[in-house]
Amino acid sequence: MADGSTALTVAEAHARLRARGDIQFDLPVAKPPETPAWLKWLVEQLAHLAPFSGWIIWTLVAGGAALLIWLIVRAVMRWRSTRDVALAPEEEVAAWRPEEKVARALLAEADAMAAAGNYDAAARILLHRSLEDIARRRPRLLRPALTSREIARVPALPDLVRGAFAAMAAPVERSLFGGRQLARGDWEEARKAYGEFALPGAWA
């Protein structure tokens, strides 16, 4: 047990320690951060809108629903577009083929011209009717300034359609721009191209 002199010495030492200015015994009370001016302005504006909070919430809900519907519709449209692009070549070409009875009637008319020795007219009628078919299916695809060769390279046409059109256009161009009448072989070239496209597998 410490005697009185020892206790006094400790008290004096503590008092001297507390009297020193280079040692901090009390921690300062932290002041709360000052609210930024922009946040005060925002709170004031929101306070003005408080009576309309219900309308604001429903407007946000409706906007979110509209955005969700738009995203769904866009996804469906992309899926359908991808599906259409992914169609098998035969399915894609079938959409461009004329009706069988129409194709056979056209070939019968062209065959009659060829039988009379008018191979130029026979080849031209196949080409012109094919142009009409393309124009009906894609009205904006053809322009008056396009040549037959340019039409045969249009990317919107399936490969088989472009190939058939190019094969029909070749003898007609030789007749129109080459200055010579078509022979039976030229006519048969155009007829075969039209037949393989319009009536695939219909004859040997």
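The values are calculated or read from the model by the stated rules, or taken from the named source; none is laboratory data. Just so you know, these numbers come straight off a predicted model, no measurement behind them. Every residue, glycine as well, gets a Cβ built from its backbone with ideal geometry; the counts of neighbours run over all protein chains shown.
Y119 passes all but one of (1) modelled with pLDDT under 80; (2) surrounded by 10 or more Cβ atoms within 10 Å (Cβ to Cβ); (3) of a type in the set (S, T, Y); which number fails?
(1)
Determine, yes or no, whether S81 is surrounded by 10 or more Cβ atoms within 10 Å (Cβ to Cβ) and at pLDDT below 65.
Details: surrounded by 10 or more Cβ atoms within 10 Å (Cβ to Cβ): yes; at pLDDT below 65: yes.
When the stated conditions are applied, S81 passes them.
Report yes if some residue within region 145-167 is among the aliphatic types (A, V, I, L, M), modelled with pLDDT under 85 and touching a Pro at 6+ places or on another chain (Cβ under 8 Å); otherwise report no.
yes
Taking the options R124, R136, name whichever one is modelled with pLDDT of 75 or more, under 20 Å from E99 (Cα atoms), touching a helix residue (DSSP H, G or I) at 6+ places or on another chain (Cβ under 6 Å) and assigned to a helix (DSSP H, G or I). Outline the logic, then answer.
Values: R136 fails: touching a helix residue (DSSP H, G or I) at 6+ places or on another chain (Cβ under 6 Å).
None of the other options fit; the residue is R124.
Of the residues in region 174-188, how many are free of Cβ contacts under 8 Å to residues at least 60 places away in the same chain and in contact with a Lys or Arg (Cβ under 8 Å, 6 or more places away or on another chain)?
Restricting attention to region 174-188, the residues satisfying the condition of being free of Cβ contacts under 8 Å to residues at least 60 places away in the same chain are 174-180, 185, 188.
From the residues that got through so far, the ones that are in contact with a Lys or Arg (Cβ under 8 Å, 6 or more places away or on another chain) too are 174-175, 180.
Selection size over region 174-188: 3.
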